[in-house]
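The values are calculated or read from the model by the stated rules, or taken from the named source; none is laboratory data. For clarity, every value in this text was computed on a predicted model and none was experimentally measured. Backbone-built Cβ (ideal geometry, glycine too); neighbour counts: all protein chains shown. For accessibility, only protein heavy atoms count, side chains too; no ligands or nucleic acids. Shrake-Rupley method; radii C 1.70, N 1.55, O 1.52, S 1.80 Å.
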Amino acid sequence: MPVSARLRLVAATAGAFALALLPTVSQSTATADQAAAAPWSARLAVHPLRHASPADDPVLAAPLPTSDCLTQLHRACYSPLQYRTAYDLDPLYQHGITGQGRTIVIVDSFGSPTIQHDLDVWSAQWGIASSQVDVVQWGQVPAFDPKNADMDGWASESTLDVEAAHAVAPGARIVLLETGVSETEGAVGVPEMMSGINHLVNNGQADVVSMSWATSEGMFPGFDQGDYTSLTTLRYAFTNAAKHGVTLTASSGDGGGDSTKLDAAWPAGDPLVTAVGGTELHLDDQGARTAPDAAWSGSGGELSKVFARPGYQDPVRSVVGDHRGTPDISMAGSPNGALWLYSSFDPANTGWTADGAGTSESSPLFAGVVALADQAAGHRLGVIDQDLYHLYTRHSSGLVDVTTGSTGPNGYTAGPGYDQTTGVGTVDAAKLVQAIAHLH
């Protein structure tokens, strides 16, 4: 049986981040590099197609424990219960910090027609209370067609985003903002997304917004001439979100980063957005670490040409120089350790896949942490990078340094302190949420 595809962000030679297939095996770097070298038109043609290797990622009637994944799928796969242990979430839940009273907005094109049912089934599998998913269709969203590869891919993305956010903040309300124009490159599809975000912000329906999509700065018209207005005029929704105290998170990209040019992924590279990179976790069946987290080879990280270094990155000026650097922080993203997902939007492929990976996973995971911190602080946190870099300078135990791994042939190597593989590191959620709450 063919397997549901994942929408992924892969760096193009022109600097764009295309929606493309993420490799499902541990040898992910070579596959991502091959995709990066492919012509834009070729990658655009194949990005929503399904995997042709069901042995790597079969659709199953029930999820497998990690030990069985390693023997049967030849890679690790994890449940949200393992994440609870790995990210130290249980102490928060025991004190009633679950994201209750907070709203996470997920922004995707087209969405999934079965998202509430799928979250209910996914939650029941793990003994987690489900959450209300309020679908907001913005613009003319066409009727879902499972045979439409683009819609199928976005439904798969929506499933990942919602289930990953719920894995961390099970008490939070989720709003799935569905737009009717597929986000592809440059400004295509972005105006509808910005308008929808702005609407929800103005109506008080957002505490944190997660965006698991990207396009590079270089794909916006005028970039080569130094005219960035086609990008900056779309920032109004972010400016408005910041004024309302709404936190924005975005995937840093899955192309492995590029240290040879100034051309960051957007919206991750926007100073009003927290750029979330990907790590590779090494967990046993109970979620205990068997080795420290490493940088995931496919995780994106670049320097912006459009945006100067924001003040909150002054402590890492020796790394980023005069430019906005990404990522800011990182969470699970490697396909070698993917999150189990359940979906039924495609009747021919209904069931469980170990398919939750890429920085598309990392962004909603961290959005869940923000929802927990919002609840603990008693209010929205706004541009949370201010807090993250402040805690970084204080060597907060809530930020866990990632010192091993690298990102792509032209990317970066992890080491002590901030770097453009994983930013300020990954999280001990209980300690980070407590530290942020104390700042407020």
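For the chain, set up a Gaussian network in which alpha carbons nearer than 10 Å are linked by springs, and say which option among Leu303, Leu381, Leu262 fluctuates the most.
Greatest mean-square fluctuation among the candidates belongs to Leu262.
Extending each Cα 7 Å along its Cβ direction at Thr413 and Ala377, get the distance between those two points in nm, one decimal.
Each label point lies 7 Å from its Cα, and together they span 3.6 nm.
Rounding to the nearest 20 debye, state how big the charge dipole of the chain is about its Cα centre with +1 on each Lys and Arg Cβ and -1 on each Asp and Glu Cβ. Display every interim value, and only then the final one.
Details: 20 positive and 45 negative charges, 116 e Å.
Result for the chain is approximately 560 debye, rounded to the nearest 20.
So how far apart, in nm, are the two label points at Ser67 and Trp126 if each is 7 Å from Cα heading toward Cβ?
2.1 nm
Where does region 165-299 land on Rg/Rh, using Cα atoms and the Kirkwood Rh?
So for region 165-299, dividing Rg by the Kirkwood Rh gives 1.01.
For region 186-249, report the convex hull volume of the alpha-carbon atoms normalised per residue, in Å³, without decimals.
Convex hull of Cα atoms, per residue: 76 Å³.
Can you pull the three principal axis extents for the Cα set of the chain, in Å, largest first?
51, 50, 43
What are the aspartates and glutamates whose alpha-carbon lies under 13 Å from the alpha-carbon of Lys431, with same-chain residues fewer than 8 places away excluded?
In chain and number order, the partners are Asp88, Asp90.
Which aspartates and glutamates have a Cα less than 20 Å from the Cα of Lys147, not counting those fewer than 8 places away in the same chain?
Cross-link targets: Asp57, Asp108, Asp118, Glu157, Glu178, Glu183, Asp346, Asp355.
Which translational diffusion coefficient, to the nearest whole µm²/s, is obtained for region 393-440 from the Stokes-Einstein equation, given a Kirkwood hydrodynamic radius over C-alpha pairs, 4 °C and 1.567 mPa s?
Rounded to a whole number, D works out at 112 µm²/s.
Cross-link candidates for Lys261: which lysines have Cα within less than 16 Å, leaving aside residues fewer than 8 places away along the same chain?
Lys305
Apply the a/c threshold of 1.5 to the C-alpha gyration tensor of region 219-268 and tell me whether it is rounded, prolate or oblate. List each step's numbers first, then the result.
Values: a/c = 3.26, a/b = 1.30, b/c = 2.50.
In terms of gyration-tensor shape, oblate.
To one decimal place, what orientation-averaged projected area in nm² is obtained for the convex hull of the Cα set of region 113-194? Intermediate results must be reported in sequence, preceding the final value.
Values: hull surface 23.1 nm².
Seen from a random direction, the Cα hull of region 113-194 projects 5.8 nm² on average.
How much area per residue is accessible in the chain when the probe is 1.4 Å and only protein heavy atoms are counted (Å²)?
Values: 14180 Å² over 440 residues.
Value for the chain: 32 Å² per residue.
Could you look at the chain and say what percent of its accessible area is carbon and sulfur, using a 1.4 Å probe and all protein chains?
About 54 percent, which is the carbon plus sulfur part of the accessible surface.
Return the distance in nm (one decimal) between the two label points of a simple spin-label model at Asp145 and Thr260, each offset 7 Å from Cα along Cα→Cβ.
4.0 nm
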